[in-house]
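What follows is one structure encoded as C-alpha cells, with my remarks underneath.
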Amino acid sequence: MDPVPPAHSMRRTPIQQRSADRLARILDACAELLDETGYENLTTRAVALRAGVPIGSVYRFFGNKRAMAIALAHRNLDRYVDGIADRLAELPATHWRPVVDAVLDEYLAMKRGVPGFALVDFGVPAPPAGEPEGDPNHQVAARLTELLSAHLGLTPDATLERAVLVAVEATDALIQLAFRTDPAGDPGIVAETRAMMHAYLARVLD
C-alpha cells in the first residue's frame, strides 16, 4: 500500500485496502494530468475520468484540486525518503559523501522519472505564505536530517539542521536551473551542484 498522505490535506483517510487503492489511482491520475495540462488547467473532473472513478470519489477525499496536489506532494516526499533509505542500506556509515550523493541521485531520479514531479515535487505551485505546506524545503530538510543523523550516527542539533536546510535550498535552486537548461538535467550544472554540496556540508560533516 502506498503511504497515506497526512490527514490535514484530506477530507478522510482510507482504512480499507480498496479505498487506499482508489486513492492511489486518483493521485496517479493527478500526476499524469499535471504533465499533460499543467496545474492551472487541472480539474477534479478530469482526474476522476482518468482514474476511472466517480467524481464523488475524488470529493470524498479532497475538497479541491489544491488539496489533491498537496496530497500528491506528501506522497512524493514519502517516496523520496523511502528511496534514499533503500540507497543508504547499501552504503557504509563511515563516509558521508556517498550518502550525500545518494540524496541527490534519488532526487534526480524522481525528477526524470516520476509523473507530475516537475510541477508538484514536495509542494504545490506558488503556495500562499503562511500555509503549512507553504515551505516544503523545511519539511524535506527535516526528513533528511533524520536520515543522515541515523545513518551516520550524528546528533541532529541546530547546526546540522540549519546546514541541511541551506543545502536543500541551494540544491533546489540549482537543480531547477539544470532542468531549465536541459530537460534531462544539464550534466555540467548537476556536477557543479554535487561539488557545492560536498564543499558546503564538509563544514559540519568532516
*Which residue, of R112, R79, is loosely packed, with under 14 Cβ neighbours inside 10 Å and under 25 Å from D182 (Cβ atoms)?*
R112
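Only one residue in P125, P98, P92, P115 is without any contact (Cβ under 8 Å) to a residue 40 or more places away in the chain, in a loop (DSSP other than H, G, I, E, B) and of a type outside the set (V, I, T), so which one is that?
P92
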*Quick one: would you say V114 is of a type outside the set (G, A, S) and more than 30 Å from L152 (Cα to Cα)?*
no
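Kindly indicate the residue of region 55-77 that is in a helix (DSSP H, G or I) and touching a Lys or Arg at 6+ places or on another chain (Cβ under 9 Å) and also nearest to A29 (Cα to Cα) among those meeting that condition.
Across region 55-77, the extreme among qualifying residues is V58.
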*Six or more apart or on different chains, Cβ under 9 Å: which pairs go from a residue in region 149-171 that's in a helix (DSSP H, G or I) to one that's open to solvent by 70 Å² or more (accessible area, probe 1.4 Å) and among the hydroxyl-bearing types (S, T, Y)? Could you list them?*
S149/T155; L152/T94
_Six or more apart or on different chains, Cβ atoms under 9 Å: show the pairs whose first residue is in region 40-68 and open to solvent by less than 50 Å² (accessible area, probe 1.4 Å) and whose second is among the hydroxyl-bearing types (S, T, Y) and assigned to a loop (DSSP other than H, G, I, E, B)._
F61/T13; K65/Y39; K65/T43
*Is it true that some residue in region 157-164 is more than 23 Å from L119 (Cβ to Cβ) and under 17 Å from the mean Cα position of the chain (by Cα)?*
yes
*Consider L119 carefully, then state whether it is of a type outside the set (V, I, T), surrounded by 14 or more Cβ atoms within 10 Å (Cβ to Cβ) and at pLDDT below 95.*
yes
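The values are calculated or read from the model by the stated rules, or taken from the named source; none is laboratory data. Quick caveat, the model's predicted, so the values are computed rather than measured. Cβ: placed from backbone, ideal geometry, glycine included. Neighbour counts: every protein chain shown. Note: accessible area is taken over every heavy atom of the protein model, side chains too, but ligands, DNA and RNA are not part of it. Shrake-Rupley method; radii C 1.70, N 1.55, O 1.52, S 1.80 Å.
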